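Working notes, structure below.
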Amino acid sequence: MNHNELNFLKKELALLNLPEESISEIINKIEEHYLKTVLPFNQPPLPQIVQVFQEERSADSTDISLLVATPTKGTLVPWDRGRIKEALIREAGLEEKEAEEVAYAVEKKIFAAEMKVVTTSLIRALVDNELFERGYTKKLTKQKVIGIPTYDINQLIFSKTLENSNIAANNPEAVNLALAEAILKQYALQNIFSQDVAEAHLKGAIHLHDLGYPIRCYCSGHSLEFIKKYGLNLPTLNSISKPANHARTLTGHLNTFLASMQAYYAGALGIGFFNIFYAPFLTNLSDRELKQEAQYIIFSGSQNAFSRGSQTLFLDYNINTGVPSYLADVPAIGPKGKYLIRYKNGEIKPVDEIPRDKEDHPIEPKNGHILRYKDFEGEAQRFAKAMLSVWEEGDAIGQPFFFPKCDFHVSEETFKDSKQYEIFRYACQVAAKNGAVYFIFDRGNEAILSQCCRLREKVTDTYTLKHPESLRFCGFQIVTINLPQAAYRAQRNGEKGVKGVIEEVEKMMDLAMKAHFQKRRFIERIGKAPGLPMWPVLRTVEDGRPYIDLDKSTYLIGMIGLNECTKALTGYDLHEDKNTYKLGLEIIAAMHLKAKKLQEETGLKISLEETPAESASLRLAKVDLREYPESKKYVRGNQEQGKVYYTNSVHFVSDAPISIIERIEGQARFNTMIESGAITHCFVGEKMPSPESIENLVKKTFYHTESAQIVISPEFTVCNDCHTVSLGYNRE
């Protein structure tokens, strides 16, 4: 029965005023009879004529990984139209009647083609085509097969992607990662985020960071004390280790722990108070042995390149010049995960737990003294020097270590205590040689943890300071606002001033918050039971808390291109004009207040972070050049070659003709509003400053600005032939 005949029949039946269900039943019976009459009398029914080559797509992920569900391993089964209907109801959300109509239409096409064997892939294609013809575009999206063209696969295999500079060389794991990211980015935009969020990302209004890692959180801070107290008992490992008894064993546990944890985070892994928490394991080591342990820690950390495309783990080790007051009286965890009590006769005995009073203060035993972190300050300071000496020397050819980063904390006590100041001066010497030291400023009596490019977390939970095995945090996700595009949109809407820009930015911040909630719901789904990907870190662990607490995580909103945004308003870069600079402060202040408002509304911790913009800067600039031609006047870089970018976050342009002091002071005024991390790069080119000048610079920055973090950023060239490391950018 052709289409015209079917329409004629429907019109005639409609004249009888029959119910729609009755009309459909009559038509179905006529069509069934039609199929029987056109078949020769000796032919079997349709299910026996057509067989389906069933591509076994098992729900078991193991079968999928092992290629059990492949076309070549399929089985032949009789045709059954009902299975199409069931799949449409289950996967596409069609009503039963709609599903029956689509299934019947597909069956007719297959019969008309006189095919004796059809594959499930062909059936799916015919179903998709039928859905498209009937206008079921939303239903079609649910049916969509996510994949990647063969040409793109070849490109990924034969040329290294430049999206991630932490992947040193192309390798099979890097290809696997690139393929996985290409597919998971599509999955995230179609299945995790709503259409408006996905569209805003694709059009460059916002940037969803780590889109290729949608089943992980962003970055994290971890505690060495958790490893010291509980050993290694991770769901990803096939064996369990008791708490370490020696420093070398502890280092091995740390490396295994970090490699395992990398599976759950897209970004950095930080360890707070590194030299302080190592100290109880170092009491009997000589300076030479301390140096060897420091070498093993840094070299193994820098060469731990086994996950996420064989890229080196992004590690931050936080080094302190002394034991801060908030940790001084906290009982120290020593070898075998025990606390230590020194008795009057000099004997030291380990105990499993320390008794505490109602206010959670440790109760001293009779005739004894609980060893606390202040009792190990000498070892912590010796170890800080040993670590710095390894960072100073660099690797086998003198090349600076990129990871683990040295996050060196500077506090008021650093300048007042002579022993701490001595360590600080040595850190300045290291910075003068190769720029390996990141100076983190701890003002007041605040506990600060640092990791990632600049992420900064204030510890406000007093329980975790008294029980540092629970001292951890999670930066859940970061969504960046494209500030230049906000200016372009505002101007297209007739708003030439900063007010219109702020309105556009706040709209995108609302959308960023929506993206946070959508990903959070997804992460909760994939972490609520054993066997799901995020369960190992969302579950309650040995200290009685979830390892990742989504209610206590930080939800980050970043920004990019403030310089180009304000230039679109005034025609000047941030460093060129006072009025332009004030407009920049006004925009970031508005973002800060909006983040506080979102925090009040949601009950979650929402804060700003300077965006880690390695690939976002390029992508957003390219999108704007395509969608907003006016951006050609503001985008930086070489537009003809496609090497374009926006200036990172709130930074001044890197080649601004201003002094280091002017750069620090200018960017520091933004830092108090960007609570979750900011950094100022002191670009020195090939002229490295002296240790004394760095010492003076850091001291002035600490006392006379609100800067959160600075780093001396020199230029180095490593010869590919002789491996000589030299200052400056040399092409020959």
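Values quoted throughout were computed directly from the atomic coordinates according to the rules given, and no laboratory measurement underlies them. All values reported here derive from a predicted model rather than from experimental measurement. Using ideal geometry, Cβ is built from the backbone for each residue, glycine included, and neighbour counts are taken over all protein chains shown.
Some values worked out for this structure:
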quantity	calculated
Order of 682, 219 - criterion: other Cβ atoms within 10 Å of each residue's Cβ, fewest first	682, 219
Sites matching GluC sites (Glu not before Pro) across the range 366-451 that sit in DSSP coil, with at most 13 neighbouring C-beta atoms within 10 Å	446
Proximal lysines to residue 242, defined as alpha-carbon separation beneath 27 angstrom and excluding residues fewer than eight positions away on the same chain	228, 229, 291, 336, 338, 349, 374, 466
Cβ-Cβ FRET estimate between residue 239 and residue 461, R0 fixed at 35 Å, reported to 0.05	0.65
Sorted by Cβ density within 10 Å, fewest first, the residues 343, 426	343, 426
Cα gyration tensor category, rounded, prolate or oblate, for the range 186-311 with a/c compared to 1.5	prolate
Candidates per GluC sites (Glu not before Pro) in the range 512-583, loop by DSSP, up to 14 other Cβ within 10 Å	542
Residues 246, 253, sorted so that the one with the fewest Cβ neighbours within 10 Å comes first	246, 253
Long pairs among 203/643; 528/552; 419/700; 185/633, criterion Cα-Cα beyond 22 Å	185/633
Sequence-distant residues sharing a close amide H with residue 267 (under 5 Å, placed H)	219
Straight-distance crosslink candidates among lysines, where the alpha carbon sits under 20 Å from residue 499 and sequence neighbours closer than 8 are dropped	507, 567, 578, 582, 594, 596, 597
Loop-resident sites, the range 478-508, for trypsin sites (Lys or Arg not before Pro), counting at most 15 other Cβ within 10 Å (DSSP)	496
Karplus 3J(HN,Hα) series, Hz, for the range 609-621 with 6.51 cos²θ - 1.76 cosθ + 1.60 (x for Gly, Pro)	9, 4, 5, x, 10, 4, 9, 4, 4, 5, 4, 5, 5
Residue-by-residue Karplus 3J(HN,Hα) for the range 556-565, coefficients 6.51, -1.76, 1.60, Hz, glycine and proline x	9, 10, x, 9, 9, x, 4, 4, 6, 4
Whether the range 221-435 is rounded, prolate or oblate, judged on the alpha carbon gyration tensor where a/c under 1.5 counts as rounded	oblate
Cα shape, the range 633-710, gyration tensor, a/c 1.5 rule	oblate
